[in-house]
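> My structure is below; once you've seen it, I'll send some questions.
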Amino acid sequence: MTDDFGETELRSFLARAMVGEAPWPFPAWDDGQSEAAWQAIAFHGCALAIVEAGNSCADWPDALRARLLEEARLQALWEASHKARLVRVLDALAAGGVEVLVTKGSALAYSVYPDPALRRRGDSDLLVTPGQAAAARNVLASLGLTLDLPGTMQEIWLDKTASGFAHQFDLHWHSASAPAAATLFSPAEALAHAVPLPRLSPTARATDPLRTFLNDALNQALHARSGYLVEGAYRRGSCRLAWSYGTALQANAFDEEAWRALAQLAMERGAALVALRAIEAAQHDFAAPVPAQILAMLRAAGDGGAIDRFVFHKDGWEHLRANWANADGWAQRKEVLRAALLPSRAFLSDKYPGMARWPLTALRLRRIGSALWRRLVPRR
């Protein structure tokens with residue numbers, strides 16, 4: 001790795017390696033650079049894609065190639081174990097009379113990816129209507145899953161296996177975990193447009209391709225802002241290759257009619273820029289085929305949509321106001337305030353790494369003080 005081969009060039013190399021088009025480009029490679037490459041591979045979730053793209057990695061540094069192959073093996077094993085647990089959950093929910101949809105990464109894994117394991121992820125997202133959330137909760141508990149994180153819009157449930165995997169299931173009764181973003185679509189609307197997911201199981205259903213695309217694009221944008229946890233550290237401001245690859249696969253499956261319907265839905269829901277950013281990343285990384293008129297439509301819509309303003313606005317007070325205004329009842333408003341005023345130590349330690357040893361109350365006051373300062377003191 002040469003001195004002028006930075007993060008952008010490394011990303012481009014990994015994207016080409018995912019489709020089997022990139023020989024090893026570095027004549028010299030030291031341990032520090034090898035670790036940097038591994039951190040990029042871990043963040044982008046592309047180990048298995050590189051291995052399965054026909055790239056034998058024979059010319060990679062031995063230690064890095066060994067880590068890559070081991071990660072690819074674990075990724076495939078995780079998917080096999082996770083699929084069995086996911087089907088078990090879906091079958092039990094169906095038997096209990098709960099209508100449930102698979103969304104986001106798992107919906108894409110079993111619809112557009114040639115191998116579901118290629119969609120590197122740590123959980124499966126399940127969507128039910130608010131009226132069936134309690135019934136779904138009872139079914140999960142009856143299967144032995146444990147509630148790890150409660151909430152007023154979603155809950156995290158864990159299913160620990162004897163093989164050592166702890167499979168996570170995010171139970172949603174809104175399309176997003178933030179009230180201001182949950183206007184993307186309602187669970188009832190998603191159920192009305194649901195499609196079968198036969199590669200997962202004969203009874204599995206998922207959100208339709210248009211809502212799956214927008215939900216995935218929104219997830220990408222929110223993670224780019226809030227961060228994505230990789231080996232104990234948060235990375236912000238970057239779209240993972242695992243995501244842009246998925247967007248490119250979706251683009252390959254869309255015809256002109258689907259593209260036009262997607263653009264119309266994105267503009268209608270105030271998420272034109274959210275959709276555009278995901279498309280642009282897929283074009284940059286994998287030359288995703290997107291009709292020029294669709295790009296023109298989304299760009300002309302600008303960033304004036306409610307969801308676009310929420311996602312891309314940098315002011316935390318505006319986020320708080322938007323979530324408060326869109327909250328469904330006082331329980332959600334209480335959670336909005338708690339998240340804004342009483343964030344966790346993990347969040348604050350990541351935000352202020354030099355102050356990680358401070359008392360939690362002091363960290364929270366530090367954050368509130370910074371927010372007030374930004375509001376009261378004009379920026380040059």
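The values are calculated or read from the model by the stated rules, or taken from the named source; none is laboratory data. Quantities reported herein were computed from a predicted structural model and do not represent experimental measurements. A quick note on method: Cβ atoms are made from the backbone with ideal geometry, for glycine too, and the neighbour counts reach across all protein chains shown. Please note that ligands, DNA and RNA were not included when accessible areas were found on the heavy atoms of the full protein model with its side chains. Shrake-Rupley method; radii C 1.70, N 1.55, O 1.52, S 1.80 Å.
> Counting helices only, and only those DSSP H runs with n ≥ 4, report the 222 nm mean residue ellipticity of the chain as the sum of -39,500 (n - 2.57) divided by its residues, in deg cm²/dmol to the nearest 500.
-17500 deg cm²/dmol
> Kirkwood Rh, segment 113-188, all Cα pairs: how many Å? Display every interim value, and only then the final one.
On the way: mean 1/r = 0.0739 Å⁻¹.
Over segment 113-188, the inverse of the mean reciprocal pair distance is 13.5 Å.
> Could you work out which residue, out of Ala63, Ala80, Ala288, moves most in a Gaussian network model of the chain, that is, has the largest mean-square fluctuation with Cα springs under 10 Å?
Its mean-square fluctuation being the largest, the pick is Ala63.
> Quote to one decimal, in nm, the extra length available between Ala134 and Phe165 on full extension: 0.36 nm per residue of separation minus the C-alpha distance between them.
8.5 nm
> How do Met267, Met18, Met355 stack up against each other in accessible area, from largest to smallest, with a 1.4 angstrom probe? Write down the numbers at each step before the final one.
Values: Met267 65, Met18 10, Met355 45 Å².
Largest accessible area first, the residues go Met267, Met355, Met18.
> Direction-averaged shadow area of the convex hull around the Cα atoms of segment 165-311, nm²? Spell out each step's value before the answer.
Details: hull surface 39.0 nm².
Orientation-averaged projected area of the Cα hull: 9.7 nm².
> Just going by the charge dipole of the chain, with Lys and Arg at +1 and Asp and Glu at -1 on Cβ, which of Gly105, His223, Ala258 is farthest out on the positive end?
His223
> Roughly to the nearest percent, how much of the accessible area of the chain is carbon and sulfur, given a 1.4 Å probe?
It is 56 percent, rounded to a whole number.
> If you count only protein heavy atoms and use a 1.4 Å probe, how large is the accessible surface of Lys83, to the nearest 10 Å²?
70
> Using the heavy atoms of the protein chains alone and a 1.4 angstrom probe, what is the accessible area of segment 136-233 per residue in square angstrom?
Value for segment 136-233: 40 Å² per residue.
> Let me ask something additional. Starting from one equal scatterer on each C-alpha and no solvent at all, send me the Debye-based log10 I(q)/I(0) for the chain at q = 0.13 Å⁻¹, two decimals.
Once normalised to I(0) and log-transformed, intensities are -1.22.
> Also: Leaving ligands, DNA and RNA out of it, work out the accessible area of Phe13 with a 1.4 Å probe and give it in Å² to the nearest 10.
Roughly 0 Å² of Phe13 is accessible to a 1.4 Å probe.
> Would you list which aspartates and glutamates come within 15 Å of Lys160, measuring only between C-alpha atoms, while excluding same-chain residues fewer than 8 positions from it?
Glu79, Asp123, Asp148, Asp170
> Suppose R0 equals 41 Å; then what is the FRET efficiency for Ala296 and Arg321 from their Cβ-Cβ distance, rounded to the nearest 0.05?
0.80
> Given a Förster distance of 41 Å, report the FRET efficiency between Glu189 and Ser370 from their Cβ-Cβ distance, rounded to the nearest 0.05.
The calculated FRET efficiency here is 0.60.
> Another question, if that's okay. Just reorder Glu70, Glu335 by solvent-accessible area, largest first, 1.4 Å probe, all chains present.
Per-residue accessible area, sorted high to low, gives Glu70, Glu335.
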